[in-house]
2 protein chains.
Amino acid sequence: MIKLEEKIKKEGILLEKNILKVDNFLNHKLDIKFLKEIGEEFKKRFMYEKIDKIVTIEASGIAIASLASEFFGYVPVVFAKKTESKNLDKELYISKVHSYTKNKTYDIMISKKYILENENILILDDFLANGEAVMGLIDLINMANANVVGVGIVIEKSFQKGSKRIKEKGIKLESLAKIKSLDGKIEFEK
Amino acid sequence: MIKLEEKIKKEGILLEKNILKVDNFLNHKLDIKFLKEIGEEFKKRFMYEKIDKIVTIEASGIAIASLASEFFGYVPVVFAKKTESKNLDKELYISKVHSYTKNKTYDIMISKKYILENENILILDDFLANGEAVMGLIDLINMANANVVGVGIVIEKSFQKGSKRIKEKGIKLESLAKIKSLDGKIEFEK
């Protein structure tokens, strides 16, 4: 998605250690009009798949999934939670995820009643690096005996192992921007 | 908003200790079409105010704010973060919030560059109980010398002190459903 690459070049900030900050439109301040275009693009990429539900993970995935839902006929969005609230159902699917950014391992969870057997599920998320969050979501969906129809990612760091892990599972992956290098400057895959 | 009251009655689950769970459409699984109607209703309630930006707090507020933005001419949404990420800007406004649900006090923060002096800001959030999260957001916005134009809440627990605290500051509060009692059953204010 050329427009996304241009936005990343213009508004993204490259920090040390391969970290790209896109807080200006994706992770802290949200450019809602642009995120709707992102949602529409996901629909194009998964036009021929039957999608019953979109699953994502708090926090940044929520805006992306919520704004994409309209283009998939307003399917429900379920977001996995990272911390257990008193209010959360006790009947949970739980998986473990390691965050390299925050340097810790945490549980992610979804109430059992919100993923149903045989449902066709699209996973959406903001970033794909080592694939920890997405693999955790796939794990939760597998526990429910539902189908992962595909994974849609806004920004993929292709030089890390996430895309390989997803494709090895035979799951369709669509990343709207693929970054092949963050070594001094942002380089996209052709 | 009658439709919201009906949805709460139908889908809400009343737990012990005045806790209302609306995970089925607002806090875990998201009913996107309905949340868009919520967004449109907020626009009606703040029709005459100039709004430059919507501010909310992760995680549940993100969907509400993102889906409301369209009705305010796609103003940007900024969500306050609850934990410090390595990637977050070091130039932060920080305030403290106590969560009675999770029984802990935590920092909330917004990068200084995402709230500008004199901006007119609408705060949106899912629940208002004791008002801790909203007071924290007002605090952050005051630090930036921006204006809190109003506070929009999906579900207010009127029997707790949040609404009083906001109104005492002279800030316009619009709650789409006002619950006066959760003692055994859900009772709305007339």
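Within the range A:121-174, track down each residue that is aromatic (F, W, Y) and farther than 20 Å from A:K96 by Cβ. Of everything in the range A:121-174, just one residue is aromatic (F, W, Y) and farther than 20 Å from A:K96 by Cβ, namely A:F159. The set of residues in the range A:153-162 that are closer than 13 Å to A:M135 by Cα and either open to solvent by 30 Å² or more (accessible area, probe 1.4 Å) or out of contact with any Leu (no Cβ under 6 Å at 6 or more places or on another chain) (or both) contains only A:K161.
Tallying residues that are of a type outside the set (G, A, S), within 23 Å of B:K50 (Cα to Cα) and in a strand (DSSP E or B) within the range B:137-190 yields 9. The listed residues are A:L67, A:L20, and the only one of them that is touching a residue at least 60 places away in the same chain (Cβ under 8 Å) and touching a Leu at 6+ places or on another chain (Cβ under 8 Å) turns out to be A:L20. Exactly one residue out of B:I32, B:I62, B:I108 is of a type in the set (V, I, T) and out of contact with any Phe, Trp or Tyr (no Cβ under 7 Å at 6 or more places or on another chain), and it is B:I108. Scanning the range A:118-136 for residues that are outside any strand (DSSP E or B), in contact with a helix residue (DSSP H, G or I) (Cβ under 9 Å, 6 or more places away or on another chain) and at negative phi yields a count of 7.
Flag: B:A80 matches the condition of being within 18 Å of the chain's Cα centre (by Cα), at pLDDT 95 or above and over 19 Å from A:G39 (Cα atoms).
The values are calculated or read from the model by the stated rules, or taken from the named source; none is laboratory data. These numbers come from a predicted model, not from an experiment. Every residue, glycine among them, receives a Cβ derived from its backbone with ideal geometry; neighbour counts consider all protein chains shown. Remember, those area values only see protein heavy atoms, side chains included, never the ligands or the DNA or RNA. Shrake-Rupley method; radii C 1.70, N 1.55, O 1.52, S 1.80 Å.
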